[in-house]
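**Q** My structure is below; once you've seen it, I'll send some questions.
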Amino acid sequence: MLIYKIFRADEWATLQAQGASDGAPIDVSDGYVHFSTAKQAAETAAKYFAGVKGLTLLACDADAMGDDLKWEVSRGGALFPHLYRQIKMTDVVWSRALPFDRTAHQFPKDME
C-alpha cells in the first residue's frame with residue numbers, strides 16, 4: 001500500500017541531499033513523520049498547506065516500513081500512518097510536483 005508525504009521544497013531538498021530526514025517541523029515536534037493515505041492527502045494539503053506552492057508529493061511503501069510505521073487515530077477519528085524513524089530516500093517509491101491551481105492542490109489521478 002502506498003502512503004503519502006507532502007514536503008515543501010527545502011524539506012524535499014534535504015531528504016534528497018542527505019538520504020534521510022526527520023521530516024517537517026511538525027514531524028520533529030510530534031516525534032514521528034506524518035503520512036496520509038490517498039483518501040486523506042487532499043484534506044491534509046488543504047488543512048496544512050493551503051495556498052502553498054512548490055510542494056512535492058512523495059509516495060512511500062507502507063509495507064516496507066515494517067514495525068516503524070504505526071496506524072494511529074488522528075483527525076476526525078481516522079487512522080493515519082505515522083513513521084517512528086527518519087524518512088529515507090529508499091522509502092520513496094515516486095515523487096511528483098503537487099501544483100496549486102488557485103483553489104486547491106492538484107493530486108495525480110493514479111493515486112491508490
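Each reported figure results from applying straightforward, stated rules to the coordinates on display, with no laboratory input. Computed from a predicted model, the values in this text were never measured in an experiment. With ideal geometry, Cβ positions are generated from the backbone for all residues, glycine too; neighbour counts draw on all protein chains shown.
**Q** Amide H to amide H, which residues 5 or more places from residue 87 or on other chains are under 5 Å from it, using H placed in the peptide plane?
**A** 21, 23
**Q** With Cβ to Cβ distances under 11 Å as the rule, what net charge do the other residues near residue 31 carry (K, R +1; D, E -1)? Before the final figure, lay out each step's value.
**A** Details: positive: 85; negative: 22, 27, 30.
It works out to a net charge of -2.
**Q** Could you give P(r) for region 2-98, binned at 10 Å from zero, as whole percent values over all Cα-Cα pairs?
**A** Histogram of Cα-Cα distances, whole percents per bin: 16, 56, 27, 1.
**Q** Using the Cα centre of the chain as origin and beta-carbon charges of +1 (Lys, Arg) and -1 (Asp, Glu), tell me which of 17, 36, 56 is placed farthest towards the positive end of the dipole.
**A** Farthest towards the positive end: 56.
**Q** Here's something else I'd like to know. Given a cut-off of 11 Å, what percent of all Cα-Cα pairs of region 1-43 lie beyond it? Spell out each step's value before the answer.
**A** Details: 600 of 903 pairs.
Percentage above 11 Å: 66.
**Q** Placing unit charges on C-beta atoms (Lys and Arg positive, Asp and Glu negative, everything else neutral), compute the dipole magnitude of region 2-98 about its Cα centre in debye, rounded to 20.
**A** Details: 10 positive and 12 negative charges, 76 e Å.
My answer is approximately 360 debye.
**Q** Tell me, what are the semi-axes, in whole angstrom and largest first, of the equivalent ellipsoid of region 62-112 as set by the roots of 5 times the Cα gyration tensor eigenvalues? Walk me through the numbers on the way to the answer.
**A** Working: eigenvalues 115, 60, 19 Å².
Listed largest to smallest, the semi-axes of region 62-112 are 24, 17, 10 Å.
**Q** Specify the longest stretch of the chain that does not include any exposed loop site, a site being one of the trypsin sites (Lys or Arg not before Pro) with a non-H, G, I, E, B DSSP assignment and at most 11 other Cβ atoms within 10 Å.
**A** Values: sites that count: 102, 109.
That gives 1-101 as the longest site-free run.
**Q** Assuming 0.36 nm per residue, please report the length gained on full extension of the stretch residue 97 to residue 39 beyond their Cα-Cα distance. Spell out each step's value before the answer.
**A** Details: separation 58, 0.36 × 58 = 20.88 nm, distance 1.81 nm.
So the chain would gain 19.1 nm between residue 97 and residue 39.
**Q** Within the chain, count lysine pairs with alpha carbon atoms under 16 angstrom apart where the residues are 8 or more positions apart or belong to different chains. Could you put the intermediate results ahead of the total?
**A** Values: 5/39; 5/47; 5/53; 5/70; 5/88; 39/47; 39/109.
Qualifying lysine pairs in the chain: 7.
**Q** Still on this model: Which part of region 38-54 falls in the paramagnetic zone of residue 1, meaning amide N under 20 Å from the point 7 Å along Cα-to-beta-carbon?
**A** From region 38-54, the list is 38-45.
**Q** Under the rule of at least 5 residues apart or a separate chain, name every residue whose amide H is placed under 5 Å from the amide H of residue 35.
**A** Close amide H contacts, sequence-distant or interchain: 83.
**Q** Taking a virtual spin label 7 Å from the Cα of residue 89 along the C-beta vector, which residues in region 1-22 bring their backbone nitrogen under 13 Å of it?
**A** Once the point is set 7 Å along Cα→Cβ of residue 89, 12-21 turn out to lie under 13 Å by backbone N, inside region 1-22.
**Q** Net charge around residue 86, counting only other residues with Cβ within less than 10 Å of its Cβ (Lys, Arg = +1; Asp, Glu = -1)? Kindly include the intermediate steps, with their values, before the conclusion.
**A** Details: positive: 85, 88; negative: 22, 27, 68, 91.
My count for the surroundings of residue 86 gives -2.
**Q** Could I ask something else about it? Residue 68 to residue 110: FRET efficiency via 1/(1 + (r/R0)^6), r the Cβ-Cβ distance, R0 30 Å, to the nearest 0.05?
**A** After rounding, the FRET efficiency stands at 0.70.
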